[in-house]
Amino acid sequence: MNRSEAELRSIARSLLEKGVVELVIGYESSGKSVRPFFASRPEEAERLVWNPECWFNLARYLRAFKGRRVAIVAKGCDGRSVVELVKENQVDKGSVVVIAVECNGVFKPAKYGSSGSARRVADYCERCTTRVSPVADYLVRSDNQGSLKRTSGSGEFSKDWLSMFQRCLKCMACVKSCPFCYCTECSIEGFKPELVHRLRDTRELFTFHLTRALHMAGRCVECGACESACPVEIPLTRLYHELNEWFREKYSYIPGRSFEEPPPPLVFKEAGEG
Amino acid sequence: MAWKPRIIVFTCWCSSSGVDQAGFEGFKYPSNVLTVRVPCSAIINPSLIVKAFEKGADAVFITACRPSELRRVAPSRITEARVSLLQRLLKTIGVDEDRLRILWISSNEGGLFSKEVTRMIRRVEELGPLNIEGRMVEQV
């Protein structure tokens with residue numbers, strides 16, 4: 001156990017002992033990797049861990065605990081998700097305690113069957129500029145001040161998106177891991193007939209991925225949970241990054257930066273004259 | 001049989017009478033154009049445009065009211081922003097952004113519609129067919 005983990009555990013323990021929160025959402029060890037963990041008793045705080053394996057975005061669970069006081073262990077991107085979810089009225093600002101942990105990038109998750117000796121930082125973490133959450137009630141500094149060793153072997157990447165989409169299994173892991181895919185009725189099934197059917201294999205992968213990209217545009221905080229969860233390794237975050245660039249160029253809006261900036265589609269104004 | 005491009009035209013209620021006007025005035029445009037009339041251009045869900053591409057359209061053309069001719073908030077501006085975002089997305093995934101276009105058209109401009117849609121077809125003929133389904137078949 002290192003210093004930042006001890007600090008995290010003591011914060012979580014004191015929050016639970018004083019009854020400030022009912023629940024601390026964090027990570028626990030699961031042998032080789034980590035898994036989400038919900039600590040509700042003070043002694044359970046000892047099971048919390050924090051290391052570069054923690055790629056999962058815990059803001060995903062906040063909506064399930066709406067109306068209850070919860071604390072969340074948040075990396076930079078998780079904190080931005082909290083901000084964006086508050087702006088979308090999915091999370092009450094007052095009921096969430098953010099324990100921000102300084103993040104130097106997370107590892108690309110080891111796939112089944114791989115030896116796991118050479119771990120490297122995920123691609124999306126190399127683009128990341130928010131190492132600390134913009135909203136923080138507590139802050140846990142990382143042990144090593146420098147960033148993780150960035151051993152990106154290939155700067156070049158495939159741009160053949162159309163054939164990458166064909167690898168998709170429609171397992172919906174990207175949807176289930178995303179903090180912003182919270183609609184109870186998904187719009188891809190809202191049409192009759194459905195745009196994309198989840199079960200019937202009709203190969204509607206182009207529509208599925210483009211629709212999802214359009215719904216992520218200007219909201220995605222590029223936490224990379226979808227990309228890491230993807231069993232066929234489609235680099236989805238890179239696609240959503242392009243659309244966020246469009247919002248940055250046109251409206252100078254960066255999702256999750258601050259509570260004050262409203263999302264551009266909500267305050268859409270006509271510009272110019274045609 | 002020679003390949004002919006298939007083009008879907010989404011027309012808003014007002015500009016659809018502009019498309020009709022092309023017929024009344026005797027302007028010609030190619031027959032491989034399918035027009036779909038919708039109540040307003042802002043009701044066109046971008047997912048439906050994407051779906052049109054997947055289902056075999058080589059290009060999608062949207063005709064909408066001129067923003068200056070609308071009274072208060074301009075729905076055409078909403079459509080314009082959506083189309084601009086979708087063009088960026090298409091460009092990213094390697095589909096030419098010229099396959100999606102928006103045209104401001106009033107109800108008396110049949111000539112303009114026929115001219116522009118013909119120009120779009122020439123452009124799509126240069127680009128060739130959009131191979132989304134083709135790739136699917138190869139990989140199965």
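FYI, it's all coordinate maths here, none of it is from the lab. Note that the coordinates shown come from a computational prediction; the quantities given were computed from them, not determined experimentally. Cβ atoms come from the backbone with ideal geometry, glycine included; neighbour counts cover every protein chain shown.
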Point to revise | Averaged over B:53-66, number of beta-carbon atoms from partner chains that fall within 10 Å | key: 1
Review point. Roughly speaking, what % of Cα-Cα pairs in chain B are separated by over 27 Å, rounded to a whole number?
Key: 19
Review point. Quick one: if you stick a label point 7 Å off each Cα along the C-beta vector at residue A:185 and residue A:139, how many nm between them?
Key: 4.5
Review point. Got the relative contact order for region A:3-267 handy, in percent, Cα pairs under 8 Å and 6 or more residues apart?
Key: 18
Practice item. Could you pull out which residues in region B:103-124 have an amide N less than 17 Å from a spot 7 Å beyond the Cα of residue B:27, following the Cα-Cβ vector? Key: B:103-123
Review point. What does the charge count near residue B:120 come to, summing +1 for each Lys or Arg and -1 for each Asp or Glu among other residues with Cβ under 15 Å from its Cβ?
Key: +2
Study note, to complete from the structure: Footprinting proxy, A:253, A:124, B:29, A:240: sorted fewest to most Cβ within 10 Å, the residues are A:253, B:29, A:124, A:240
Review point. Summing +1 for each Lys or Arg and -1 for each Asp or Glu, what net charge is found among the other residues whose Cβ lies under 10 Å from the Cβ of residue B:107?
Key: -3
Check your understanding: What is the sum of charges around residue B:34, taking Lys and Arg as +1, Asp and Glu as -1, for the other residues whose C-beta is under 13 Å from the C-beta of residue B:34?
Key -> +3
Review point. Taking each residue of A:242-250 in turn, how many C-beta atoms of other protein chains fall within 10 Å of its C-beta, and what is the average?
Key: 3
Practice item. Kindly express, to the nearest 10 degrees and within the range 0 to 90, the angle between helix A:76-87's C-alpha long axis and the longest C-alpha principal axis of chain A. Key: 70
Practice item. Evaluate the relative contact order of region B:1-69 (contact order divided by residue number), counting alpha-carbon pairs under 8 angstrom at least 6 apart; express in whole percent. Key: 52
Point to revise | Disulfide-incompatible cysteines by the Cβ rule (no partner under 4.7 Å) in chain A | key: A:54, A:103, A:125, A:128, A:168, A:171, A:183, A:186, A:220, A:230
Study note, to complete from the structure: The relative contact order of chain B, taking Cα pairs under 8 Å that sit 6 or more residues apart, comes to a percentage of 35
Check your understanding: Shielding of B:82-92 by partners, i.e. mean partner chain Cβ atoms within 10 Å per residue?
Key -> 5
Review point. Which order results if B:58, A:92 are arranged by neighbouring Cβ count within 10 Å, fewest first?
Key: A:92, B:58
Practice item. With a bin width of 10 angstrom, please list the P(r) values of the protein assembly as shown as percents of all Cα-Cα pairs, from the 0 bin to the one holding the largest distance. Key: 4, 20, 27, 22, 14, 8, 3, 1, 0
Study note, to complete from the structure: Between residue A:173 and residue B:108, the FRET efficiency computed from the C-beta separation at R0 = 51 Å comes out, to the nearest 0.05, as 0.45
Check your understanding: Modelled label-to-label distance, residue A:257 and residue B:55, 7 Å Cα→beta-carbon offset: nm?
Key -> 3.9
Check your understanding: Per 5 Å bin, what is the whole-percent P(r) computed from every C-alpha pair distance within region A:185-239?
Key -> 4, 17, 24, 25, 19, 9, 1
**Study point:** Rounded to 10°, Cα long-axis angle of helix A:205-216 versus longest principal axis of chain A
**Key:** 60
Review point. When ranked by the protection proxy of mean other Cβ atoms within 10 Å per residue, highest first, what sequence do the peptides A:187-196, B:9-18 form?
Key: B:9-18, A:187-196
**Study point:** Sorted by Cβ density within 10 Å, fewest first, the residues A:130, A:211
**Key:** A:130, A:211
Review point. In nm, to one decimal, how far is the residue A:17 label point from the residue A:90 one, both placed 7 Å along Cα→Cβ?
Key: 3.5
Practice item. Treating the angle as unsigned and between 0 and 90°, give the value, to the nearest 10°, between the Cα long axis of helix A:236-251 and the longest Cα principal axis of chain A. Key: 80
